[in-house]
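Single-structure report; data block below.
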Amino acid sequence: MPYAPCPMPYAGSVPDLSEKGYICTCKVHKHATFKTASAIPINVKNRSKSEDLQRMSGDLRSDLIAAAKHFYDRGWMAGTAGNLSARLPDGSFWITASGRQKGQLTASDFIRMSLDGVIVEQPVPDSRPSAETSIHVAVYNCFPDAKACYHVHSIEANLVSRLVAGDAVPLPAIEMLKGLGVWEENPQVAIPLFTNYLEVPKIAKEICEYFAVSSPSVPALLIRDHGITVWADSPAAAYNYVEIVEYIFRYTLAARQLNLDLKC
């Protein structure tokens, strides 16, 4: 397939994004295309390996704090809802502590966890990991290339989860799907939909079981009456994916109100 310059500009403003490039998930740049469960769109333009290593060796909590403030301002992390995490080179990850107001996070509002769900570092002794840490552990174990996992609670995501009775939500074939790595003519794409159990580890278990046998069409999942979870190769890309998925959900609801044929 011939390659050409990417026609899609960066969607959304990302904190601390390098001026040398933008995050993109298109096949034009030869990125991974989800043929296997471990495939994550990897996409960094005009950034050297040394710059990547420098970014990874820095404190990723600053990226999470900026993203949480933005999502809080959008109404996607109201109160203490939602959780964000970013993975360190040793495999452990920082995740928001339980009960923290997402619009006012500081570096002490995070806990470092292992991929086994064990606390590695706890800046505040009496803090607890997010109640949904098991979902992040499941995502990182299912997708070894993932370096960030963002989970937000929006009204639109909850409403969209009610539009179908099955275990997947078809996504409309609109331009914004390219931002999730879907470069096809009239694509047939769906986001997996999981039951919202009171015991979060049960949700995580079903996520692991699903992705053990099914490859994702997009780097996102939806929990009914709960919210979306996205994963990516960097905090900046995860930030972008959240905005794109939420845009698609707003479009879906608006189209329903206008009785439009979404042609999913």
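With the condition being farther than 30 Å from Asp59 by Cβ, I'd like the strands (runs of 3 or more DSSP E) fully within segment 150-264 carrying at least 3 qualifying residues.
Here the list reads 168-171, 189-194.
So which residues in segment 140-149 are assigned to a loop (DSSP other than H, G, I, E, B) and open to solvent by less than 10 Å² (accessible area, probe 1.4 Å), if there are any at all?
Phe143, Ala146
Yes/no per residue for (1) surrounded by fewer than 24 Cβ atoms within 10 Å (Cβ to Cβ); (2) among the polar types (S, T, N, Q); (3) more than 25 Å from Asn186 (Cα to Cα):
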position	(1), (2), (3)
Tyr210	yes, no, yes
Pro219	no, no, no
Val230	no, no, no
Val242	no, no, no
Tyr247	yes, no, no
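Condition test on Ala165, is it out of contact with any Ser or Thr (no Cβ under 9 Å at 6 or more places or on another chain) and open to solvent by less than 10 Å² (accessible area, probe 1.4 Å)?
Judged against the criteria, Ala165 is not a match.
Please find, among Ala157, Ala138, Ala146, the residue that is in contact (Cβ under 8 Å) with a residue 40 or more places away in the chain and over 18 Å from Ile244 (Cβ atoms).
Selected residue: Ala138, the only one of Ala157, Ala138, Ala146 that is in contact (Cβ under 8 Å) with a residue 40 or more places away in the chain and over 18 Å from Ile244 (Cβ atoms).
Collect the residues in segment 103-113 that are in a loop (DSSP other than H, G, I, E, B) and surrounded by 14 or more Cβ atoms within 10 Å (Cβ to Cβ), keeping them in residue-number order.
Of everything in segment 103-113, those that are in a loop (DSSP other than H, G, I, E, B) and surrounded by 14 or more Cβ atoms within 10 Å (Cβ to Cβ) turn out to be Gly103, Leu105.
Mind counting the residues in segment 125-135 that are outside any helix (DSSP H, G or I), in contact (Cβ under 8 Å) with a residue 40 or more places away in the chain and either aromatic (Phe, Trp, Tyr) or surrounded by 22 or more Cβ atoms within 10 Å (Cβ to Cβ) (or both)?
Count: 2.
State the number of residues belonging to segment 81-102 that are of a type outside the set (D, E, K, R), surrounded by 15 or more Cβ atoms within 10 Å (Cβ to Cβ) and closer than 19 Å to Val152 by Cα.
Residues that pass the stated criteria total 12.
Residues of segment 48-80 being among the basic types (Lys, Arg), surrounded by 13 or more Cβ atoms within 10 Å (Cβ to Cβ) and modelled with pLDDT under 90, which ones?
The one that is among the basic types (Lys, Arg), surrounded by 13 or more Cβ atoms within 10 Å (Cβ to Cβ) and modelled with pLDDT under 90: Arg55.
Please name all residue pairs, on different chains or six or more residues apart, with Cβ atoms under 7 Å, provided the first residue is in segment 218-244 and is under 24 Å from Gly91 (Cβ atoms) and the second residue is open to solvent by 10 Å² or more (accessible area, probe 1.4 Å) and in a strand (DSSP E or B).
Leu221/Phe194
Which of the numbered conditions does Gln188 fail, given that it passes all the others? Conditions: (1) touching a residue at least 40 places away in the same chain (Cβ under 8 Å); (2) surrounded by 16 or more Cβ atoms within 10 Å (Cβ to Cβ).
(2)
This table checks each residue for (1) on the phi < 0 side of the Ramachandran plot; (2) touching a His at 6+ places or on another chain (Cβ under 9 Å).
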{"site": "Thr133", "(1), (2)": "yes, no"}
{"site": "Ala157", "(1), (2)": "yes, yes"}
{"site": "Ala165", "(1), (2)": "yes, no"}
{"site": "Gly181", "(1), (2)": "no, yes"}
{"site": "Val213", "(1), (2)": "yes, no"}
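Is it the case, given these coordinates, that Asp225 is more than 10 Å from the chain's Cα centre (by Cα), open to solvent by 50 Å² or more (accessible area, probe 1.4 Å) and at pLDDT 95 or above?
Against the criterion (more than 10 Å from the chain's Cα centre (by Cα), open to solvent by 50 Å² or more (accessible area, probe 1.4 Å) and at pLDDT 95 or above), Asp225 qualifies.
The values are calculated or read from the model by the stated rules, or taken from the named source; none is laboratory data. Since we're looking at a predicted model, the values are computed, not measured. Counting neighbours? That spans all protein chains shown, and the Cβs are built from the backbone with ideal geometry, glycine included. For accessibility, only protein heavy atoms count, side chains too; no ligands or nucleic acids. Shrake-Rupley method; radii C 1.70, N 1.55, O 1.52, S 1.80 Å.
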